[in-house]
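Let me begin by presenting the structure, written as structure tokens, before commenting on it.
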Amino acid sequence: MSMLIESGAVLEKVGSGAVWAEGPVWLAESRTLRFSDIPNNRILEYSEQSGELRVYRDDVEFTNGRTLDLDGSVVQCSHGRRAVERERDGVVETIVDRWAGVRFNSPNDVVVKSDGTIWFSDPSYGIQKPGEGHPGELEYRDHYVFRFDPRDGSVTPVVIDVEMPNGLAFSPDESLLYVADSGVSPPDGHRDPNRPGGHSIHCYDVFDGRRCKNGREFAEVDPGLPDGIRVDEAGNVWTSSLDSVQVFDPAGNRVERVPVPEKIGNLCFGGEDGRTLYIVATSSLYRIRTTVRDAAAVLRGAAAGR
């Protein structure tokens with residue numbers, strides 16, 4: 001193991017019973033890890049204190065990715081409602097579900113920038129893949145990454161050239177946006193040969209905090225494809241793949257590989273000190289100790305004066 005994994009750390013399986021686990025987020029106040037079990041249409045929670053994995057909520061309209069807003073509330077993607085939602089104190093409300101008068105496909109992953117804007121990917125798994133939502137049409141006929149600004153209600157496409165945008169993460173200074181492309185296995189079975197990659201992470205320069213330019217391939221992920229991604233405080237990109245968590249340095253060189261016995265859907269940092277990597281992989285939840293923390297969490301902590 002590299003310096004990114006704590007000396008002596010081993011992968012630990014701490015829960016199971018999902019069909020396809022996705023969308024983890026760490027809730028520091030309760031020391032719990034919340035994540036989706038998409039085909040079972042439910043949300044699960046793992047308690048770090050008790051070691052218990054419980055059903056947090058059923059009939060959730062096929063939620064997928066989630067993150068924390070600046071106020072600590074949970075922002076999550078809903079395949080079923082074709083929307084980005086907020087959950088606060090057990091109450092779920094729609095944040096945004098349309099652009100230019102048409103519905104989104106099925107928002108998949110989401111990040112909140114330090115200015116409060118909400119950036120989310122919109123592939124079509126929820127309307128085209130059985131068991132992950134409800135059948136539907138691609139109303140704007142494509143798959144984009146959008147930026148929603150709650151200050152004025154504006155919705156803007158920021159990335160339009162990735163075949164099947166999936167996981168999202170900002171660099172520590174938010175000057176770069178990373179976008180995972182899971183286009184090697186689109187829901188309809190047809191990949192556009194004119195679009196780059198197919199199982200790569202792409203990188204974009206962020207101008208004025210709102211515009212993405214200069215898109216390029218950052219790293220190809222093999223075997224399998226990138227789904228959920230995270231960036232640590234040193235700028236390393238942690239990604240899911242078919243058989244492992246792979247870590248790429250800011251130059252795109254692979255510097256770490258953590259084998260996992262199931263196909264990985266997503267991952268996030270958590271634990272009391274923020275250095276435990278939680279991994280949701282098909283039916284199970286795993287964790288391993290690292291030496292780094294999530295870049296976004298560090299940024300939120302700095303903004304709060306901690």
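We did not get these values from a lab; they are worked out from the coordinates using the rules stated. Computed from a prediction, not measured in an experiment: that's the story for all the values here. Here the Cβ positions follow ideal geometry from the backbone for every residue, glycine too, while neighbour counts run over all protein chains shown.
Charge dipole of the chain (Cα centre as origin; +1 on each Lys and Arg Cβ, -1 on each Asp and Glu Cβ, all else neutral): 80 debye, rounded to the nearest 20. Relative contact order of the stretch 12-303: 15 percent, from C-alpha pairs under 8 Å at least 6 residues apart in sequence. Listed by chain and number, the lysines whose alpha-carbon sits under 30 Å from that of residue 213, ignoring those within fewer than 8 places in the same chain, are 113.
Among the GluC sites (Glu not before Pro) in the stretch 239-283, those located in a DSSP loop and surrounded by at most 13 other Cβ atoms within 10 Å of their own Cβ are 272.
Going by a ≥ b ≥ c, the root eigenvalues of the Cα gyration tensor, does the stretch 79-200 fall in the rounded group (a/c under 1.5), the prolate group (a/b larger than b/c) or the oblate group? In terms of gyration-tensor shape, oblate.
Each peptide in 96-107, 130-141, 115-126 gets a packing score, the mean of other Cβ atoms within 10 Å over its residues, and the list from highest to lowest is 115-126, 96-107, 130-141. Using a cut-off of 21 Å between alpha-carbon atoms, which lysines can reach residue 129, once sequence neighbours fewer than 8 places away in the same chain are excluded? Excluding near neighbours in sequence, the set is 263.
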